[in-house]
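Quick note: the coordinates plus some simple rules give every number you see, no bench work behind them. Since this is a predicted model, take the numbers as computed values, not measurements. Reconstructed Cβ throughout: ideal geometry from the backbone, glycine too, with neighbour counts over all protein chains shown.
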Amino acid sequence: MAATVGGAVIPFRLRLRRREQGIVLAVAGLVLCVAALLPLVALAAELLSVGTDGLRLWAERRTWVLLGRSLLLSGVVTAVALAIGIPLGVLFGRTDVPGRHLAWLLHAFPMFLPPFLLALGWFHLFGRQGFLGGDATARVLFSEFGLIALLGLTFAPAVTSLVALGVLGVDPSLEEAARTTARPWRVATRILLPAAWPAVALAAVVVSALAFSELGVPMFLRVEVFQTAVFARLGGVDYAPGEAIALLLPLVPVSIALLGLEAWLAGRRSFEVLGMRVRSRLPLPLRRWRLPASIVCWLAALFSIAPVLSLAARAAWGGGFRAASQWLRLAPINGLIAATASACIILFVGVVVGHAVARRSRAARWFDALAVLAFVTPASVLGVGIIAVWNRTATQIVYGTLAILVVGFVARYSVVGVRVFASVVAQTPAHLEAAAAAAGVGYGRRLARIVLPLGARGAAFAWLLAFVFCLRDLETAVLYYPPGREPLTVRIFTLEANGPEPVVAALGVLHVGITATVAAVGFLLLRRKAPA
């Protein structure tokens with residue numbers, strides 16, 4: 001079939017080529033809508049159908065006390081993580097601290113691990129029977145102060161890394177003149193940090209969303225927060241899904257507020273500063289402050305891996321490694337399969353939507369907003385929505401298999417692929433694509449021959465980051481994992497209460513080893529693809 005314009009016949013293939021980008025973007029958007037939008041819509045419908053027995057929870061003082069406590073705790077955790085991560089980000093990213101790249105790697109690695117796994121490591125250090133523990137340290141650890149300290153230390157590496165990437169992405173010309181007359185700390189505080197402000201703001205949003213959604217650490221430390229109250233009505237002895245849905249209503253404005261805050265911050269300044277193309281530049285000389293700064297950086301690195309070393313020691317001394325195979329089942333394989341499939345889908349969505357966002361597509365901005373909303377929405381809200389959509393007789397082929405984990409991971413972490421690839425495309429020249437389009441090259445060929453080769457490292461990094469985030473996930477997966485097909489994170493979490501401590505520690509070390517192997521292979525591949 002062919003259409004005519006001004007008497008000229010336009011072949012179907014040419015018309016399809018003109019609409020190719022819109023079709024591919026629509027497919028990527030459909031994936032996002034099925035994974036993320038449907039659960040939120042279903043949850044809204046469920047909230048409207050909640051009876052008066054569920055609504056009575058909104059009038060109880062305890063509900064609002066738990067919500068207020070959770071919001072306050074997440075705010076304090078964010079402040080602690082920023083206080084630790086911002087100065088470390090500048091030191092790791094732009095100063096002449098010796099061995100800073102290795103120290104940064106050690107400091108950043110725990111952010112790819114489930115927070116409750118790190119909590120377990122700190123427990124073996126400072127618990128009542130820990131290597132350095134006693135009654136006093138145990139009381140501090142199992143308290144709100146312990147929760148804040150542990151989560152602050154856990155999420156600080158995310159702030160550090162985002163700030164370090166932010167200051168590395170600042171145009172060197174902005175600081176060259178200042179470096180001739182000003183001291184390094186003035187250059188950092190007056191030039192680097194203000195220019196890298198989008199990275200700091202993004203770090204605050206990410207940490208606040210992760211801290212508010214955290215479930216494993218509060219349950220382990222026996223600190224009651226809002227998320228534990230919701231989980232108790234879904235997976236605990238007080239099973240009452242109607243009440244869980246009712247409890248989620250106050251979290252809706254929290255998600256909308258975080259989405260609005262992120263949109264406002266992104267609108268004020270471009271996130272191109274977080275790109276992968278970092279030009280070489282001379283580090284800031286610390287001179288007489290170099291030794292103290294080096295001590296701080298290496299102490300931060302050693303402090304970050306201390307819980308991992310504690311887990312390894314507990315597993316080794318208790319014979320946990322020998323008995324671990326009897327408790328594993330297929331949990332590691334389940335996690336790897338789900339994370340691999342999810343990362344591939346996230347990469348597809350990230351490449352298509354991220355490229356369109358960087359090229360200022362209006363439709364892509366809506367899909368980007370949906371991805372952000374799914375990420376900042378508390379995990380319990382998203383999880384209950386996924387249950388409402390897929391826990392039906394007709395959809396058991398999804399809900400009763402690992403496919404449901406893939407749906408949840410894609411919903412929550414698609415923003416990783418979109419934002420990483422968008423930041424890369426934003427720093428590549430658009431005229432190459434424009435010239436190819438003018439020559440009649442279709443969208444698919446432009447994407448394969450121009451966009452992906454130029455952003456190959458960014459695409460690889462997006463896949464790796466999405467894979468690791470899916471591999472570490474607990475908060476969403478624990479709500480709806482298929483019976484007998486739980487990932488390793490859920491397996492460790494469920495064994496923590498009743499399983500042998502050395503075995504649980506050994507399974508934790510196994511998860512660390514899998515994550516470290518994936519990260520190391522990815523890092524080596526990224527280095528091989530780096531431009532000369």
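Amide H contacts under 5 Å for LEU284: THR95, ASP96, restricted to partners 5 or more places along the chain or on a different chain, H placed in the peptide plane at 1.01 Å from N. The protection proxy used here, the mean number of other Cβ atoms lying within 10 Å of each residue, ranks peptides 199-210, 409-420, 131-142 as follows, highest first: 409-420, 199-210, 131-142.
The value of relative contact order for the stretch 382-476, using C-alpha pairs under 8 Å at least six residues apart, is 35 percent.
Remark: the stretch 110-124, residue by residue, has Karplus-estimated 3J(HN,Hα) of x, 5, 8, 10, x, x, 5, 5, 5, 4, 5, x, 5, 4, 6 Hz, where x stands for each Gly or Pro and the curve is 6.51 cos²θ - 1.76 cosθ + 1.60 at θ = phi - 60°.
Once a ≥ b ≥ c are taken as the square roots of the eigenvalues of the Cα gyration tensor of the stretch 376-532, is the result rounded (a/c under 1.5), prolate (a/b larger than b/c) or oblate (a/b not larger than b/c)? The shape class here is oblate.
With only the Cα atoms considered, the chain has a convex hull volume of 178 Å³ per residue.
The orientation-averaged projection of the convex hull spanning the C-alpha atoms of the stretch 93-228 amounts to 9.8 square nanometres. Calculated FRET efficiency, LEU30 to LEU432, Cβ-Cβ distance, R0 = 30 Å: about 0.55 to the nearest 0.05. Among VAL357, VAL252, the order by Cβ neighbours within 10 angstrom, fewest to most, reads VAL252, VAL357. Within the stretch 105-135, list the residues whose amide N lies under 12 Å from a label point set 7 Å along Cα→Cβ of ARG222. Zone members listed by number: 128. Within the stretch 26-111, all pairs of alpha-carbon atoms sorted by distance into 5 Å bins from zero give the percentages 3, 10, 10, 10, 10, 11, 12, 13, 10, 6, 4, 2, 0.
Pop the C-beta distance of ARG322 and CYS344 into the FRET formula with R0 = 22 Å and round what comes out to the nearest 0.05. Computed FRET efficiency for ARG322 and CYS344 comes out at 0.05. Full extension of the chain between VAL252 and ALA448 yields a length gain of 66.6 nm, computed as 0.36 nm times the residue separation minus the alpha carbon distance. Cβ crowding within 10 Å, taken as a proxy for footprinting-reagent exposure, orders SER342, SER423 from fewest neighbours to most as SER423, SER342. Contact order for the chain, expressed relative to its length and based on alpha carbon pairs under 8 Å spaced 6+ residues apart, stands at 23 percent.
Net length available on complete extension from ARG19 to LEU309 is 98.9 nm, with 0.36 nm assigned per residue and the Cα-Cα distance removed. Each residue in CYS344, CYS297 was given a count of other beta-carbon atoms within 10 angstrom of its own, and listing them fewest first yields CYS344, CYS297.
Rounded if a/c is under 1.5, else prolate if a/b is larger than b/c, else oblate: which is the stretch 314-362, with a ≥ b ≥ c the root eigenvalues of its Cα gyration tensor? The shape class here is prolate.
Note on the chain: helix-only mean residue ellipticity at 222 nm, from DSSP H runs of 4+ residues weighted -39500 (n - 2.57) and normalised by residue number, equals -22500 deg cm²/dmol. The spacing between the stretch 75-89 and the stretch 426-475, judged by their C-alpha centroids, is 32 Å. In plain terms, the C-alpha convex hull of the stretch 305-461 casts an average shadow of 13.5 nm² when viewed from every direction.
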